[in-house]
Amino acid sequence: MKKAKAEILNQCRRLRREADDVAMRIGKFAELSMREERSSTLAKEILTRHGFAIEREFPLVPNAFIASRGTGRPVIGLLAEYDALPDCGPKAKGPGHGCGHNLLGTASIFAAIAAAETAEAQKLRGTVRLFGCPAEETLVGKVYMARDGAFEGLDAVLAWHPSGVTRVNNGSGTALDSYAFEFFGKTAHAAGDPHSGRSALDAVEIMNVAVNFLREHMPPSCRVHYIISDGANAPNVVPAYARSWYFVRGEDRKAVDDLAKRVKNCARAAALASETRLKMRHLTACYDRPANDALAEAMNENLKAVGPPRFSKADREFVQRLGLEGKFKSKLQDISTERGAGSSDEGNVSWFAPLIGLNTTCAADGTRGHSYIKAAQSRSPIGLKGMRVAAKVLALTAYDLLTDRKLRAKAKREFRRRTKDTEYDPVIPAGQPAPIGDLIPKP
Ligand SMILES: [Zn+2]
Ligand SMILES: [Zn+2]
């Protein structure tokens, strides 16, 4: 076993230059959610070059794919993401990898390659399956992939995320619904005959007021946020069309279902009051994530063996030029069981098979998430160092799962216990294409 693990680490070292190059290229592509054509094409090219077959693509989820290598059970999955964020490019202009998904996707891809390569060399049975997951930032990709059956038949699944700390992440986030509310009114001259018009923007505002009153009477762990994504163009025209975009969050799917019903009532009331027509679009539905202690402990052993990333004087100077102090959290932390306030579409995958993830330090202290400061580090040796640690830990854990029947059984027992009372409902109707931002593209 020890020898096999040493071989995996050697594989990772051999792949290092290629992995660094891919991370930098996806970093440069900086493609927004649902527009990751070049990033996903590059990912598929690399995987194909390393013996993976592109097993499936998803007509309703652009830039999503499944690549696999090996045969039969067990089937071990790894999740890759590669979408960028707006306003995270250099000097906060244009798209950039402000969440570090150029590192995320790359480490998962190369971990899958290293694990599959070693398994094949040892003639092991089993399949390594890499999931190319677009549009994490809009919380869409894995929700629609799950609806279309992507995550069936897995024995375990591994994930990670670039961070400011290095630790195994056995925590959870919130469940979430995302809606676009469109209102259709009647235009008129705003000064000449406003009485002939019916304002769609009024409807948006009435709905927001109603939801803001609702806040007092919703469970304290719930959150609602919105923007007005189309508030019309000129004050002297009664707006015939306006649109808002809402996120509703809660501890679990049931909490979100309950609160979403009440938010939708606010929308209906606003349409009634403003004499406009309402169209609701349910854009995405994320789940919270059950913990898996068995996998967390197994991954933590591998993390301890690999050790945290180490940063140099040049790294400290680099972040000082970005206005930061120049400190990094480079000690290993204990397994996290935190319940964060944010949401991830990773949650949806975790209801299909035991899932565990890790964080590695890819940014200095004081780096805000979703910022150009984080994006700059994601395309620097700092991010690459964190990425290499993640790739090694993922590859080692994938190998454990391929070879250790007892670990798989233990993880599965725990998974069954934690998920037995929840029936996974994809929520989003079959056949609905994945949305771009708050819009659903025509199929
Ligand atoms: Zn992210
Ligand atoms: Zn993000």
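The values are calculated or read from the model by the stated rules, or taken from the named source; none is laboratory data. This one's a predicted model, so the numbers in the text were calculated from it and none came from an experiment. Cβ coordinates were reconstructed from backbone atoms using ideal geometry, including for glycine residues, and neighbour counts include every protein chain displayed.
Across segment 365-377, not a single residue is classified as more than 26 Å from residue 5 (Cβ to Cβ), touching a strand residue (DSSP E or B) at 6+ places or on another chain (Cβ under 8 Å) and polar (S, T, N, Q).
Just to verify a result, which residue in segment 135-155, among those that are within 16 Å of ligand 1 (Cβ to nearest atom) and under 30 Å from residue 298 (Cα atoms), is surrounded by the fewest Cβ atoms within 10 Å (Cβ to Cβ)? Steps first, please.
Step one: filter segment 135-155 for residues within 16 Å of ligand 1 (Cβ to nearest atom), giving 135-143.
Still in the list and also under 30 Å from residue 298 (Cα atoms): 135-137, 139-143.
Values: 135: 30, 136: 23, 137: 20, 139: 24, 140: 28, 141: 32, 142: 30, 143: 28.
Only one residue tops the list, namely 137.
All conditions in (1) without any contact (Cβ under 8 Å) to a residue 40 or more places away in the chain; (2) of a type in the set (A, V, I, L, M); (3) outside the structural domain of residue 260 (by TED's automatic domain parsing) hold for residue 209, with the sole exception of (3). Scanning segment 396-431 for residues that are under 30 Å from residue 60 (Cα atoms), aliphatic (A, V, I, L, M) and either buried (at least 18 other Cβ atoms within 10 Å of the Cβ) or in the same structural domain as residue 164 (by TED's automatic domain parsing) (or both) yields a total of 3.
Can residue 388 be described as out of contact with any Gly (no Cβ under 8 Å at 6 or more places or on another chain), at pLDDT 95 or above and within 16 Å of ligand 2 (Cβ to nearest atom)?
When the stated conditions are applied, residue 388 does not pass them.
The numbered conditions (1) part of a helix (DSSP H, G or I); (2) more than 16 Å from ligand 2 (Cβ to nearest atom); (3) closer than 30 Å to residue 417 by Cα are all true for residue 347 except (2).
Being surrounded by fewer than 21 Cβ atoms within 10 Å (Cβ to Cβ) and either farther than 22 Å from residue 174 by Cα or among the hydroxyl-bearing types (Ser, Thr, Tyr) (or both) is the filter here; which residues of segment 335-354 pass it?
Initial filter on segment 335-354 (surrounded by fewer than 21 Cβ atoms within 10 Å (Cβ to Cβ)): 335-342, 352.
Scanning segment 335-354 gives 336, 337.
When segment 156-189 is limited to residues that are within 14 Å of ligand 2 (Cβ to nearest atom) and within 23 Å of residue 380 (Cα to Cα), the one that is surrounded by the fewest Cβ atoms within 10 Å (Cβ to Cβ) turns out to be 164. Across segment 79-98, the qualifying residues are those that are away from ligand 2 (no atom under 14 Å from the Cβ) and over 13 Å from the mean Cα position of the chain (by Cα), and the one among them that is surrounded by the most Cβ atoms within 10 Å (Cβ to Cβ) is 89. Contact annotation: no residue pair with Cβ atoms under 7 Å, 6 or more positions apart or on different chains, pairs a residue in segment 113-134 that is outside the structural domain of residue 396 (by TED's automatic domain parsing) with a partner that is modelled with pLDDT under 95. Assess whether residue 105 counts as being assigned by TED's automatic domain parsing to the domain that holds residue 41 and within 16 Å of ligand 1 (Cβ to nearest atom). Spelling it out, residue 105 is indeed assigned by TED's automatic domain parsing to the domain that holds residue 41 and within 16 Å of ligand 1 (Cβ to nearest atom). A search for C-beta distances below 7 Å between a residue of segment 135-146 that is not assigned by TED's automatic domain parsing to the domain that holds residue 39 and of a type in the set (Asp, Glu) and any residue that is within 11 Å of ligand 1 (Cβ to nearest atom) and not in a helix (DSSP H, G or I), counting only pairs 6+ apart in sequence or on different chains, returns nothing.
Evaluate the following for residue 392: is it buried (at least 24 other Cβ atoms within 10 Å of the Cβ), within 16 Å of ligand 1 (Cβ to nearest atom) and within 19 Å of residue 106 (Cα to Cα)? If you could, list the steps in order and put the result at the bottom.
On the way: buried (at least 24 other Cβ atoms within 10 Å of the Cβ): yes; within 16 Å of ligand 1 (Cβ to nearest atom): no; within 19 Å of residue 106 (Cα to Cα): yes.
Spelling it out, it is not the case that residue 392 is buried (at least 24 other Cβ atoms within 10 Å of the Cβ), within 16 Å of ligand 1 (Cβ to nearest atom) and within 19 Å of residue 106 (Cα to Cα).
The single residue among 94, 77 that is out of contact with any Phe, Trp or Tyr (no Cβ under 8 Å at 6 or more places or on another chain) and away from ligand 1 (no atom under 14 Å from the Cβ) turns out to be 94.
Please go through segment 319-344 and give me each residue that is of a type outside the set (D, E, K, R), out of contact with any helix residue (DSSP H, G or I) (no Cβ under 8 Å at 6 or more places or on another chain) and in a loop (DSSP other than H, G, I, E, B), ordered by number. Spell out the reasoning first.
In the first step, residues of segment 319-344 are kept if they are of a type outside the set (D, E, K, R); the result is 319-320, 322-324, 326, 328, 330, 332-333, 335-337, 340-344.
With out of contact with any helix residue (DSSP H, G or I) (no Cβ under 8 Å at 6 or more places or on another chain) added as a condition, the list becomes 320, 330, 333, 336-337, 340-344.
Those that are of a type outside the set (D, E, K, R), out of contact with any helix residue (DSSP H, G or I) (no Cβ under 8 Å at 6 or more places or on another chain) and in a loop (DSSP other than H, G, I, E, B): 330, 333, 337, 340, 341, 342, 343, 344.
Closer than 30 Å to residue 369 by Cα and either in contact with a Ser or Thr (Cβ under 6 Å, 6 or more places away or on another chain) or surrounded by 20 or more Cβ atoms within 10 Å (Cβ to Cβ) (or both): is that true of residue 128 in this structure? Answer is no for this residue. Answer yes or no as to whether residue 381 is surrounded by fewer than 24 Cβ atoms within 10 Å (Cβ to Cβ) and in contact with a strand residue (DSSP E or B) (Cβ under 7 Å, 6 or more places away or on another chain). No, not satisfied.
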